[in-house]
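The values are calculated or read from the model by the stated rules, or taken from the named source; none is laboratory data. These numbers were taken from a predicted model, which means no experiment stands behind them. Here the Cβ is made from the backbone with ideal geometry for all residues, glycine too, and neighbour counts use every protein chain on show. SASA here: full protein model, heavy atoms, side chains in, ligands and nucleic acids out. Shrake-Rupley method; radii C 1.70, N 1.55, O 1.52, S 1.80 Å.
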Amino acid sequence: MLVDRLPWATHGDSALIYSIHCQQNGPNRFATGGGDNTVKVWSLAAALDAAQESSSAPKLLATLTDHNGQVNIVRFAPHASLLASGSDDGIAVIYELQGGAGGGVLGGEVNVENWRTKFLLRAHGSNIVDLSWSPDGSLLATASIDNSVIIWDSDTGKQVKSITHHTSFVKGVAFDPVGTYMATYSDDGSVVIWKRDDWSIVGVITHPFRQRVSTTFAVRLSWSPDGQFIMVGNSFQGSTHVAVAVPRERWNEKDDYLLICGHRGPVVSPCFSPKLYHVPPLGGGEPAEDVTSVFALGSYDGKVSVWAASAERAYFVGKRFFSNQVLDVAWTPDGRSLLACSADKSVACFQFEESELGPVATAGEMAEVMTSLYGSTNGRAGTRLVETAELLALEKHSNQMRESDRANEAGDKPVRGAIKALDARLGDGAVGFGSGPSNGASLAAAIGTNRINAVEGRTISTTRAPQIRTDRDDNSSAPQKRTRDASRREGVARAALPPLPTKASLTCSWNLEDSMDDPRTGCDAASLLDSMKRGRVLLTASNGVSTVAQSSFSQITVEGPGGTWTDLVPGNIVSAVGSNEYCVVAMADGHVLLYSPCGRRRCPPLCMGAGISRVIKSTARSEYRNAVIVISTSGSLRIIDPVGLRQLGAIDLVTILEGGRTVADVWLSNSGAPLVSLSDSSAYVWDASMAFWTRVLDESTVISDFYPLSNVSMGVGEVSNLQSKARPTSHAALLGSSNKVSNARYHVSRGHVEANLAAAASIGSMDEVDGFLRSYAQLLAESQDDVRLKGIVDDLVDGKITGDAVRDRGLLKACVMPAMVRSGHNAKLAQRCQDILN
C-alpha cells in the first residue's frame, strides 16, 4: 500500500476542505470544495503517480468561484462532463466542461480547463450540505438544513420535485445505482427511501438512529455498486459510534440492519467503491471466487477504515494520517485508490495493491451480477433500469430466493457473493447485540441484531511494507524517493471504555464549606438529608419520570441550605458532581450539563462525542480546584472549568489503553496535570510540555528499591501517592528483604527513580523533586556510577532539572553533595561542586 499526502491540493493556509470526489468517466480528475468559497478541479494523475506529480504538468486545472459561502459538497456527474457543488449560500451550481482554454479568476490565476457555469440552482432557504446525481445523470438532488430535498433536471435546470417530509436538517442524500430509489438522511432520526418514479415513500428507517450526534456537519450516504445495501453513518449504539448497512427492500423491517463499529467518533462519510472485488482472506491468501463489495468509512476521530463485505474486521485502519476530523472520502474509478480530506486542511491518497483488496471484478462479472439481481442492464453499468412489472416481479423473486438460500448456502451462485459475503461476517454468532444468529442464518434474517467490530481489526497484511511518500516541495523538479514505513500500517481502532450504567435514580452530596465531594450513588437518601442540614447539598436524579412527544425526561432535584431547585432534562442521567460554585450532570447520550448554584444552565449541553465513562471532581488545592474531569467511552479525557466555562485540557487516553486495559482511577495534580492508574496496576503522568503520557509504574518496577512500600521510602507527594494507589498489594511479597543491589535490580531502580524525578518536575511537585533527587544521588554514589553522577551535577549547575538555575544549585548543595560526602567516593567531583557553589 502506498500512502501519500498531497500538499499541493489545498484551498489556502486557513481554509478547510469539506468535500472531495473523483470523476468516474473520462480523463482522471478530482474536485474539492473548501472554506474559501471555491471549487477546485485537480489532476488525479498527479495524485497517483510520483512522476506526474513532479513533472511540469499542471496539477490545478480550474478554480471555480461562483459561490459566496463555503462549499460543502462537490460531485461529478456519472456519465458526462458535469460537476455540481453545494454551498452555505444555499445555491447549487452545475458546471460543464467546454472546449478551449480556461479563463482567469480572481487572484491572478488562469484556469487550464474551461469549466463554465451551466446552471445556478436557487430554491433552498439555507445551507446545502449534500447532493447526489441519479445514475443516468439526468437528475440532481440537493439536501439542505432548511429540512428539504429538491430534485433538479440537469438538462433544463428546472425543479422536478421539492420534498419537505423531514422535520429537521437534511444532511444526506443518495440515488441508488439501479436508478429505482433515492435515500435521504435527516436529523429527525430517519432515513427515508423514496421511489423515483412518483417520489412516494417506500421505506422509513428509524430504529438504528434513535441515538445520534446532532452536531455533525453532514452525513453522507452510499449505496453498494450492486445496489444491495445502503450505508449510513452517524448512529450511536450504547457507547459506540457505528455505521449502518441496510439491505435493499428490507428497510421497513425493524431489526434488519448491520452495524459496523470501531471508530471513536461519528462516522460521517461512508463510501462504497464503484467496483466489486475477488477479495483475499484477512492475513493474505488466494482471492475468493465470489465477488463482493468494498467500502471506506471516514470519521470524526480522524481515522479512515477500509472494509470488505466478506471479512469480519477492517482490512485497513489509518489512524495517524490526519490530526482532525475526516470530512469526506472518494474512490478512484478503477477502485484501486482512495482519497480523503480532513478538517486539518489536508488531502491524503491511499493506493492499494491487487494483493491487498484482490482483483477487481470484470465488466462481464459485474453485468452478470446486475442481470441476476435486476434483469438486463443493456451492457452498461450505471444505466437506469427500465421499471416494468416484470422487473419488479424479478426483484421480488430475487428477495424470495435470498430467503430460501438460508437452508442451502452451498448452492449459492457467485453472483450472490455480495450478499453471502456480508452474511458470512455473522457466522457462528461471533459478535452481536443479544443473541446471535443460528448457524446457517442468512443476512436478511440476522443482521438486525449484529455488529461487526473493528476493535480486533487488522491492517492490510502484505508481503512488503506500505510505502509513504513524504511531503514534498510542490516546485521540486525531480521525483522524491518514496520511503517505507511499516509503522504507518498501524491503525486498529481500540476498544472503548465501559459507559456508566443507567439506574432508575442516583444521589450525591457535597459539603458547602470545603466542597469535598461525597458521591454515594444509590445510598439511603434519608442519611444524606441529615448531613444536608449540617451544611451539605443533596442532588437527586430520577430517570424516566415522564414522556413527552416520544422523548423520555429525567428530573434533577438539588436541595441545600440556600433552597431547592429542579430541572427536567431529556434522556437519562448517569452521574453528577458539584461544589458550592457549580453542579455538573452527565447524560447517557454523551452530553454534559453545567449548572450554577441556583440551577441556571450556564451554557448549552456539551457534547463529548461518545458515552460517558467517568466524571471526577478535582481535589487539587490550586486554581484547578473547580475543575471536573470527564472521560468518554471513546477514551477522550476532557478537563472542564464549569465556573469559568473553559476547557482546560483535552487529552487522548487511547495510547495507554493497549491490551484491553481500563482506567482504575484518575485525578488532577495541583498543576492541572492528569494522573492515571490503570487496571493492570501501571501508572501514568501527563507531561504537558511534551504532550505525552509518561509511565512511572509498571510490572517491571516491582523489583525497584523505590517501589511503593519497599525498603526505601519514597516520601509523600503526588507521584508517590499515584504509585501507592496503583500498586497491587500482592507484589509486596516479591520484594524480599535483602538490600543487595543486583545488576538488574540496580538498573530497574535507577530507571524508576529517574522517571519519578522527571515526572515530579514536570508537574511542579517540588517537595518530591527534593526527595527523589536525594535518593537518586545516594544510589549513584553508592554504586560508583560516576558518569551519571557527573551528569546530574552538570544538569543542576545549568538549571535543567526544574528550569530554575538558582533552585537547582540549591538542590545540588542540599541533595547531591551530602550523598557524595557520605559515600566517600569521587572526592574530586565533590570538590568541583563545592567550588561551583562557592
Looking at Ile150, Ile145, Ile128, Ile91, which one is β-branched (Val, Ile, Thr), under 24 Å from Leu327 (Cα atoms), modelled with pLDDT under 95 and open to solvent by less than 50 Å² (accessible area, probe 1.4 Å)? Ile145
How many residues does region 20-72 hold that are among the hydrophobic types (A, V, I, L, M, F, W, C), out of contact with any Pro (no Cβ under 7 Å at 6 or more places or on another chain) and farther than 17 Å from Leu338 by Cα? 7
Here are Ala650, Ala688, Ala664: which of them is touching a Lys or Arg at 6+ places or on another chain (Cβ under 9 Å), among the aliphatic types (A, V, I, L, M) and open to solvent by 60 Å² or more (accessible area, probe 1.4 Å)? Ala650
Whichever residue in region 337-346 is of a type outside the set (S, T, N, Q) and modelled with pLDDT under 95 and, among such residues, is surrounded by the fewest Cβ atoms within 10 Å (Cβ to Cβ): Asp344
The number of residues in region 235-257 that are under 26 Å from Asn572 (Cα atoms) and in contact (Cβ under 8 Å) with a residue 60 or more places away in the chain is 10
Go through region 187-226 and count every residue that is surrounded by fewer than 24 Cβ atoms within 10 Å (Cβ to Cβ) and among the small types (Gly, Ala, Ser). 5
Residues of region 617-646 satisfying the condition of being open to solvent by less than 20 Å² (accessible area, probe 1.4 Å), closer than 21 Å to Ile763 by Cα and not in a strand (DSSP E or B): Ser618, Ala620, Ala627
Determine whether Asp589 is of a type in the set (Asp, Glu), open to solvent by 10 Å² or more (accessible area, probe 1.4 Å) and without any contact (Cβ under 8 Å) to a residue 40 or more places away in the chain. no
Does region 248-271 contain any residue that is within 22 Å of Ala340 (Cα to Cα) and in contact with a helix residue (DSSP H, G or I) (Cβ under 8 Å, 6 or more places away or on another chain)? yes
Strands (runs of 3 or more DSSP E) fully within region 1-67 counting 2 or more residues that are within 23 Å of Phe316 (Cα to Cα), at pLDDT below 95 and of a type outside the set (A, V, I, L, M): 2-5
What helices (runs of 4 or more DSSP H) completely inside region 792-837 contain at least 1 residues that are under 46 Å from the mean Cα position of the chain (by Cα)? 805-811
Within region 292-325, take every residue that is in contact with a Pro (Cβ under 8 Å, 6 or more places away or on another chain) and open to solvent by less than 10 Å² (accessible area, probe 1.4 Å) and give me the one that is modelled with the lowest pLDDT. Ala311
